[in-house]
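The values are calculated or read from the model by the stated rules, or taken from the named source; none is laboratory data. All of these numbers come straight from a predicted model, not from anything done at the bench. Positions of Cβ are generated from backbone atoms using ideal geometry, with glycine treated the same way; all protein chains shown enter the neighbour counts.
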Protein chains: 2
Amino acid sequence: MMTSPENNDAAATDARPVHGRAALRRMLEPVSVALVGASPNAASLGGRTLANLSTFPGRLYPVNGRHAELAGRRCYPAVSDLPERPDCVVLAVPQEAVEALATECAEFGVGAIVVLASGYAEVDEAGAQAQQRLVTIARRSGMRVVGPNCVGVAHRGAGLLAAFAEFPPGPAIVGARVGLVAQSGALGLGLSQAAEGGMSISHVLTCGNSCDIDVADYVAYLAEAETCDSIALAFEGVGDADRLSRALALAASNGKPVAVCKLGTSEAGRAAARWHTNTATDVPGGWTPLLAAAGAMPVQNIEALMETAAFLAKAPRRRAAGRGVAVLSGSGGTAILAMDAAARHALATPQPGAATAARLAAAVPAFGSPRNPCDATAQATRNPESLLECADALLADPQYAALVIPWGRSQPARLMDDIDAMAARHGKAVCVVWMSQRLESATTEKAQQLPHVALFHSLDHCMAALAHLVSSPPPLAQGLRPAE
Amino acid sequence: MMTSPENNDAAATDARPVHGRAALRRMLEPVSVALVGASPNAASLGGRTLANLSTFPGRLYPVNGRHAELAGRRCYPAVSDLPERPDCVVLAVPQEAVEALATECAEFGVGAIVVLASGYAEVDEAGAQAQQRLVTIARRSGMRVVGPNCVGVAHRGAGLLAAFAEFPPGPAIVGARVGLVAQSGALGLGLSQAAEGGMSISHVLTCGNSCDIDVADYVAYLAEAETCDSIALAFEGVGDADRLSRALALAASNGKPVAVCKLGTSEAGRAAARWHTNTATDVPGGWTPLLAAAGAMPVQNIEALMETAAFLAKAPRRRAAGRGVAVLSGSGGTAILAMDAAARHALATPQPGAATAARLAAAVPAFGSPRNPCDATAQATRNPESLLECADALLADPQYAALVIPWGRSQPARLMDDIDAMAARHGKAVCVVWMSQRLESATTEKAQQLPHVALFHSLDHCMAALAHLVSSPPPLAQGLRPAE
């Protein structure tokens with residue numbers, strides 16, 4: 001059922017500050033966590049959340065009056081019985097029980113609560129009023145409230161999975177790290193599955209109905225966190241666009257690039273959003289200028305979000321002097337496709353200078369192309385040295401800001417190490433585009449985990465990201481990867 | 001090195017017929033195959049091709065004067081020593097040895113030869129002349145010549161892998177089958193890897209330098225073959241655009257839809273193509289009108305090709321009366337994204353009629369949306385009956401030609417069976433869009449293998465295909481999946 005915007009947005013439209021790291025630290029970097037509604041039933045909400053929290057390296061307190069012990073831990077009857085004030089309390093309880101528990105937590109000095117229950121502003125007027133009372137508790141006490149109607153949050157650097165959803169763990173967090181902010185829990189879950197392909201996703205932060213904490217707060221938190229290198233943001237709307245602008249500006253000034261997928265770009269999409277979270281999806285002048293002014297990069301569709309964010313995490317901090325894109329391939333067909341995609345995104349693909357051309361001619365077989373695109377031919381697959389020599393020659397050419405390597409077949413994973421090192425040495429963006437329908441391999445996983453070489457599965461996504469890179473105004477050009 | 005177009009295209013611009021199934025049957029449906037240059041060295045060209053041919057169910061003859069037996073088979077000194085005239089002979093020999101062998105094969109009555117060697121028109125003038133001599137042999141004898149400079153062909157229905165490249169086998173060929181035609185071998189290899197995700201790819205037909213057989217011939221063959229349901233075509237250019245038009249028209253009149261990715265849509269891409277295969281990439285008036293007139297569907301980028309072709313293989317033969325698209329989701333966020341993508345492709349997404357709305361309202365929880373998009377909420381994950389009831393209600397609404405189900409999390413594979421059966425019952429297109437970065441699962445593989453439900457990994461690819469479906473002129477609307 002759709003409720004009126006006034007009820008749903010009342011909390012969000014007043015002039016509260018953007019909650020950055022100081023405000024969200026207890027929630028997202030907790031030393032102690034309690035779970036109210038912890039359950040021995042593995043299929044229940046409380047049981048699934050308990051399992052997810054079981055690897056938390058800090059102090060974890062199950063709370064449930066019907067058990068003395070759960071999962072090998074002492075179980076407490078109530079939050080106020082705990083031996084300390086927990087930083088973060090997850091409420092895995094029915095909607096009816098939430099308000100009294102929220103009050104108890106606020107009075108006890110809890111840092112933040114995560115409300116999983118639904119049945120609030122997304123349902124009816126009574127739910128909207130119940131949600132507003134949670135806001136009042138948050139404002140009075142300073143205790144932060146995540147949700148309600150929320151799947152939870154994950155912060156892998158803190159070993160925290162305060163969620164009933166099973167976010168995929170993925171491999172170890174290495175290389176360039178993406179912090180993911182998703183208003184929708186289901187979308188966050190799907191997007192976070194990029195971790196299974198090797199992407200280092202440091203955070204998955206969802207906010208459900210956003211009664212107190214919304215995507216702007218999460219962006220501000222990540223802007224100030226040292227545990228991620230870029231931010232991926234998917235959102236429908238916010239109650240106060242100015243708060244989001246400020247959060248994005250904070251990210252830009254902290255050198256933390258943001259890729260954004262705005263949901264509800266169409267009238268039909270906005271109508272659906274009003275039925276969903278009922279957050280304001282329009283801003284005067286439209287979202288694109290607002291996002292651009294704040295230095296964020298809007299992506300063309302949701303499929304582009306994660307790989308674009310990973311690219312931004314790896315892209316060099318200083319934009320190169322040249323604005324051209326060079327293409328290096330072992331296959332003529334993929335080289336042509338790359339040029340077509342570059343043209344679609346209005347990227348310049350100049351021919352190499354004389355010195356570069358001479359180096360290419362020496363490295364490429366007679367039936368290859370010592371030009372841009374450089375077709376090093378399938379021989380490059382068997383002779384990585386010639387491929388690397390071509391890459392080095394193209395990256396040394398001052399006309400080029402970036403090198404794109406579309407690959408149509410598996411390449412040895414170790415080659416990625418050499419390419420990554422070369423990207424770092426030249427301080428230019430290097431993108432491998434996996435031109436295969438077989439999307440997972442040891443090589444792609446390796447590329448995801450390296451700090452400089454970016455991996456795309458779509459030439460269009462790649463060229464859109466490079467177009468953003470080379471056309472960025474100075475504030476954004478500065479807003480890339482901090483020095484290490 | 002780039003050669004002049006005259007040399008390279010001379011063979012292709014004369015008025016030879018389009019070689020359909022009758023002309024290519026011995027090559028692609030052989031009873032007997034010989035491999036010249038068969039080798040015990042598994043890493044060599046001849047050894048790799050021998051391994052690929054080893055599962056051929058017909059008669060296979062290794063030919064190599066230095067061995068009496070290879071891979072458990074009697075080995076012959078020459079093609080003319082074979083006990084029969086083989087339908088197809090693969091020449092895994094150096095360029096210098098090809099011409100004499102081609103002449104021997106033609107005189108012996110071989111149906112077709114596959115020339116893997118490079119060193120022809122793609123290299124220099126001498127190579128172009130050598131290639132022209134192969135054309136002359138083909139024209140005089142009627143023996144078909146594939147290549148040169150070609151990775152080979154695969155036809156899974158015939159158990160034929162006449163290639164040195166290892167095309168992925170994928171699971172059994174079931175459901176709707178896609179025949180893949182790729183001018184570039186490397187591209188064909190990458191695209192064919194969709195088989196590993198469960199797509200039924202019946203053929204992988206590459207043509208390298210296309211001296212005698214080009215993509216037009218392959219399209220004509222597949223148009224007449226009963227072993228595939230749609231055609232995926234990726235090509236740079238053809239010597240004679242009219243031949244390709246005729247082949248596409250044949251496919252349309254045989255009810256075999258074709259998805260096309262034309263390489264070289266940009267000036268820079270066309271320049272790269274001239275360096276690559278040097279086939280003519282331009283036609284008067286441009287390719288898009290030509291392809292549209294022939295009833296083919298151009299895709300927006302190479303990443304869309306395979307899933308669009310699989311969709312076309314599964315789409316109902318008769319276009320529904322309505323032209324609207326309905327969206328059914330278990331997540332509000334993905335529903336909004338689907339509406340945005342529909343709007344990008346100018347698809348109508350009308351609200352359901354009164355009877356449909358009443359059925360939806362009865363099936364959807366209070367906090368869901370009994371409208372278009374229909375958010376059946378996450379409860380649908382736990383209660384497939386309500387999801388199926390919503391799907392049935394929407395498909396019964398005459399306004400809708402198609403139903404799109406974007407899913408952000410794993411769904412049970414068996415649900416796909418029910419959805420597939422429902423698509424067949426209503427005779428409408430049903431597309432599942434896998435809104436996950438984890439691209440492989442038992443559920444996606446299941447969906448790929450079902451005959452009616454189409455699987456996409458991109459909302460944009462899905463909506464582009466549906467826009468093609470609902471806006472097709474009558475010839476194309478007829479040109480879909482023959483009655484079973």
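Against the conditions (1) of a type in the set (Asp, Glu); (2) surrounded by fewer than 24 Cβ atoms within 10 Å (Cβ to Cβ); (3) within 13 Å of chain A (Cβ to nearest Cβ), residue B:236 satisfies every one except (2).
Screening residue B:213 against (1) assigned to a loop (DSSP other than H, G, I, E, B); (2) under 30 Å from residue B:99 (Cβ atoms); (3) within 14 Å of another protein chain (Cβ to nearest Cβ) leaves a single unmet condition, (3). Would you pick out the residues in segment B:74-107 that are closer than 14 Å to residue B:33 by Cα and surrounded by 17 or more Cβ atoms within 10 Å (Cβ to Cβ)? The answer is B:75, B:76, B:79, B:82, B:86, B:87, B:88, B:89, B:90, B:91, B:92, B:105. Looking only at segment B:21-54, count every residue that is surrounded by fewer than 17 Cβ atoms within 10 Å (Cβ to Cβ), of a type in the set (A, V, I, L, M, F, W, C) and part of a loop (DSSP other than H, G, I, E, B) and tell me the total. Within segment B:21-54, residues that are surrounded by fewer than 17 Cβ atoms within 10 Å (Cβ to Cβ), of a type in the set (A, V, I, L, M, F, W, C) and part of a loop (DSSP other than H, G, I, E, B) number 3.
Quick check: is even one residue across segment A:75-94 more than 33 Å from the chain's Cα centre (by Cα) and basic (Lys, Arg)? Looking through segment A:75-94, none of the residues is more than 33 Å from the chain's Cα centre (by Cα) and basic (Lys, Arg). Checked against (1) within 27 Å of the chain's Cα centre (by Cα); (2) not in a strand (DSSP E or B), residue B:127 passes all but a single condition, namely (1). Candidates are the residues of segment B:176-191 that are under 9 Å from the mean Cα position of the chain (by Cα) and aliphatic (A, V, I, L, M); the one that is farthest from residue B:263 (Cα to Cα) is B:178.
Residues that are within 14 Å of chain B (Cβ to nearest Cβ) and either of a type in the set (A, V, I, L, M) or over 23 Å from residue A:18 (Cα atoms) (or both) within segment A:129-146 comprise just one, A:130. What's the number of the condition residue B:303 fails, among (1) more than 10 Å from chain A (Cβ to nearest Cβ); (2) within 36 Å of the chain's Cα centre (by Cα); (3) buried (at least 24 other Cβ atoms within 10 Å of the Cβ)? Failing condition for residue B:303: (1). Taking the listed residues B:197, B:159, B:188, the one that is within 23 Å of residue B:453 (Cβ to Cβ), assigned by TED's automatic domain parsing to the domain that holds residue B:263 and among the small types (Gly, Ala, Ser) is B:197, with no other qualifying. One residue alone among B:124, B:87, B:81 is acidic (Asp, Glu), in the same structural domain as residue B:188 (by TED's automatic domain parsing) and in contact with a Gly (Cβ under 7 Å, 6 or more places away or on another chain), and that residue is B:87.
When segment A:340-367 is filtered for residues that are within 13 Å of chain B (Cβ to nearest Cβ), surrounded by 19 or more Cβ atoms within 10 Å (Cβ to Cβ) and part of a helix (DSSP H, G or I), the ones remaining, listed by number, are A:340, A:341, A:342, A:360. Here residue A:126 passes the criteria (1) aliphatic (A, V, I, L, M); (2) away from every other protein chain (no Cβ under 12 Å); (3) surrounded by fewer than 24 Cβ atoms within 10 Å (Cβ to Cβ) except the one numbered (2). Is there a residue being surrounded by 22 or more Cβ atoms within 10 Å (Cβ to Cβ), under 13 Å from the mean Cα position of the chain (by Cα) and of a type in the set (S, T, N, Q) anywhere in segment B:320-337? Within segment B:320-337, none of the residues are surrounded by 22 or more Cβ atoms within 10 Å (Cβ to Cβ), under 13 Å from the mean Cα position of the chain (by Cα) and of a type in the set (S, T, N, Q).
Inspect segment A:368-375 for any residue being farther than 20 Å from residue A:459 by Cβ, in contact with a Lys or Arg (Cβ under 9 Å, 6 or more places away or on another chain) and not in a helix (DSSP H, G or I) and give the result as yes or no. Within segment A:368-375 (the criterion being farther than 20 Å from residue A:459 by Cβ, in contact with a Lys or Arg (Cβ under 9 Å, 6 or more places away or on another chain) and not in a helix (DSSP H, G or I)), the answer is yes, since at least one residue qualifies.
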